[in-house]
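A.B. asks: Starting off with a structure, shown below.
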Amino acid sequence: MSLQQLPALLTEFKELASAYLRQETVERAEELRRLGGFSFGAALAWAVAIILLAVAGMRAIVDTLPDSPYWEAFGYLLAVVGLAALGAVLYQLGPKPAEESG
């Protein structure tokens, strides 16, 4: 290797390093952005579905009880308790936080 080759080698190194950096960071970030968008969309769809099912369940409970303001309030209370119980079950079934090995 001579000193005349050094500028060409440095230029080639810079090009290779920037191409590698682009390949390993920018392209990966674009894939991650796409995955994040789909994940957010799925979470939003699940949230809307849960809300609609909860309202439908609440209306079904209220409609099966006798017609009275007290029974209607009791139906709302049953719906809230049912949703809280469902939330507790889903929380228990969900992923557990990873323990740090220290």
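Values in this text are rule-based calculations from the coordinates and carry no lab data. Note that this is a predicted model, so its numbers are computed, not measured. Every residue, glycine as well, gets a Cβ built from its backbone with ideal geometry; the counts of neighbours run over all protein chains shown.
A.B. asks: Full-extension gain between Asp63 and Thr11, please, as 0.36 nm times their residue separation minus the C-alpha to C-alpha distance.
C.D. replies: Extending this stretch completely gives an extra 11.1 nm.
A.B. asks: Between Ser39 and Ser18, what is 0.36 nm times their sequence separation minus the Cα-Cα distance? Round to one decimal in nm.
C.D. replies: Answer, rounded to one decimal: 4.5 nm.
A.B. asks: Which residues in the stretch 1-21 place their backbone N less than 11 Å from a point set 7 Å from the Cα of Glu27 along the Cα-to-Cβ direction?
C.D. replies: The answer is 19-21, whose backbone nitrogens lie closer than 11 Å to the label point.
A.B. asks: Please identify which residues in the stretch 42-77 have an amide N closer than 16 Å to a label point set 7 Å out from the Cα of Gln92, following the Cα→Cβ vector.
C.D. replies: Under cut-off, by backbone N: nothing.
A.B. asks: About its Cα centre, how strong a charge dipole does the chain have in debye, to the nearest 20, once Lys and Arg get +1 and Asp and Glu get -1 at the Cβ?
C.D. replies: In debye, rounded to 20, the chain gives about 100.
A.B. asks: Within the chain, what is the longest stretch that has no GluC sites (Glu not before Pro) placed in a DSSP loop and near at most 14 other beta-carbon atoms within 10 Å? Please list the in-between numbers first.
C.D. replies: Values: sites that count: Glu99, Glu100.
Longest site-free region, per DSSP loop and neighbour criteria: 1-98.
A.B. asks: Further question: Between [x] 38, 25, 9; [y] 62, 17, 7; [z] 36, 12, 11, which entry matches semi-axes √(5λ) of the Cα gyration tensor in Å as derived from the coordinates of this structure?
C.D. replies: [y]
A.B. asks: Is any helix in the chain, taking whole DSSP H runs, at least 27 angstrom long along its axis by alpha carbon and on average at least -1.0 on the Kyte-Doolittle scale, and which ones?
C.D. replies: Once both thresholds are applied, what remains is 27-64, 69-93.
A.B. asks: For the chain, what is the calculated [θ] at 222 nm in deg cm²/dmol (nearest 500), taking -39500 (n - 2.57) for each run of four or more DSSP H residues and dividing by its residue count? Intermediate values should be presented prior to the final figure.
C.D. replies: Values: 3 runs with 79 residues, N = 102.
Calculated mean residue ellipticity at 222 nm is -27500 deg cm²/dmol.
A.B. asks: Moving on to the next point. With the dipole of the stretch 1-100 worked out from charges on the C-beta (+1 for Lys and Arg, -1 for Asp and Glu) around the Cα centre, which of Ala17, Val80, Trp46 lies farthest toward the positive end?
C.D. replies: The Cα lying farthest towards the positive end belongs to Ala17.
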